[in-house]
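Right, one structure below, let's go through it.
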Amino acid sequence: DRADPLARFRERFSIDDRYAAYMDGNSLGRQPRSAGDVVAAALEVWSDSMILGWRDWIRLPIRLGDRIAQDVIGAREGEVLVSDSTTVNLFK
């Protein structure tokens with residue numbers, strides 16, 4: 001495992017060694033150590049911007065979709081949207 005090129009990422013996560021294997025496919029997974037700072041930053045933005053934050057937040061699905069399209073799957077801008085699961089979208 002130490003030779004694995006991904007081993008260096010282990011330190012970025014909160015890991016309780018009591019659980020040798022974490023194989024729950026329906027989970028958020030191990031919590032990144034940086035999660036608290038990210039949540040605190042988001043709360044700060046919310047606190048400062050209040051309702052005006054929606055001017056930016058409403059575009060997040062499009063902006064994130066464009067980043068995934070270009071950086072991950074090689075799609076064009078405007079072809080990918082980040083949203084709920086198909087089941088949740090159908091329910092809505």
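For the structure I just gave you, tell me whether Leu43 is at pLDDT 90 or above and surrounded by 12 or more Cβ atoms within 10 Å (Cβ to Cβ). If you could, list the steps in order and put the result at the bottom.
Working: at pLDDT 90 or above: yes; surrounded by 12 or more Cβ atoms within 10 Å (Cβ to Cβ): no.
For Leu43, the condition - at pLDDT 90 or above and surrounded by 12 or more Cβ atoms within 10 Å (Cβ to Cβ) - is not met.
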* Asked: Quick one: what pairs do we get from the stretch 49-72, first residue open to solvent by less than 80 Å² (accessible area, probe 1.4 Å), second hydroxyl-bearing (Ser, Thr, Tyr) and modelled with pLDDT under 95, C-beta under 9 Å, 6+ apart or different chains?
  -> Asp56/Ser49; Trp57/Ser49; Pro61/Ser83; Gly65/Ser83
* Asked: Based on what the data block shows, is Val80 of a type in the set (Val, Ile, Thr), under 16 Å from the mean Cα position of the chain (by Cα) and not in a helix (DSSP H, G or I)?
  -> yes
* Examine the stretch 32-41 for a residue that is within 24 Å of Ser85 (Cα to Cα), in a loop (DSSP other than H, G, I, E, B) and among the small types (Gly, Ala, Ser), and state whether such a residue exists. => no
* Structure fact -> Phe13 fails exactly one of (1) touching a strand residue (DSSP E or B) at 6+ places or on another chain (Cβ under 6 Å); (2) open to solvent by 100 Å² or more (accessible area, probe 1.4 Å); (3) not small (Gly, Ala, Ser), namely (2)
* **So Ala35, is it of a type in the set (Gly, Ala, Ser), over 30 Å from Asp1 (Cβ atoms) and open to solvent by less than 60 Å² (accessible area, probe 1.4 Å)** => no
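The values are calculated or read from the model by the stated rules, or taken from the named source; none is laboratory data. Please read all numbers here as calculations on a predicted model, not as lab measurements. Heads up, the Cβs are rebuilt from the backbone with ideal geometry, glycines too, and the neighbour counts pull from every protein chain shown. Heavy atoms of the whole protein, side chains included, go into the accessibility calculation; ligands, DNA and RNA do not. Shrake-Rupley method; radii C 1.70, N 1.55, O 1.52, S 1.80 Å.
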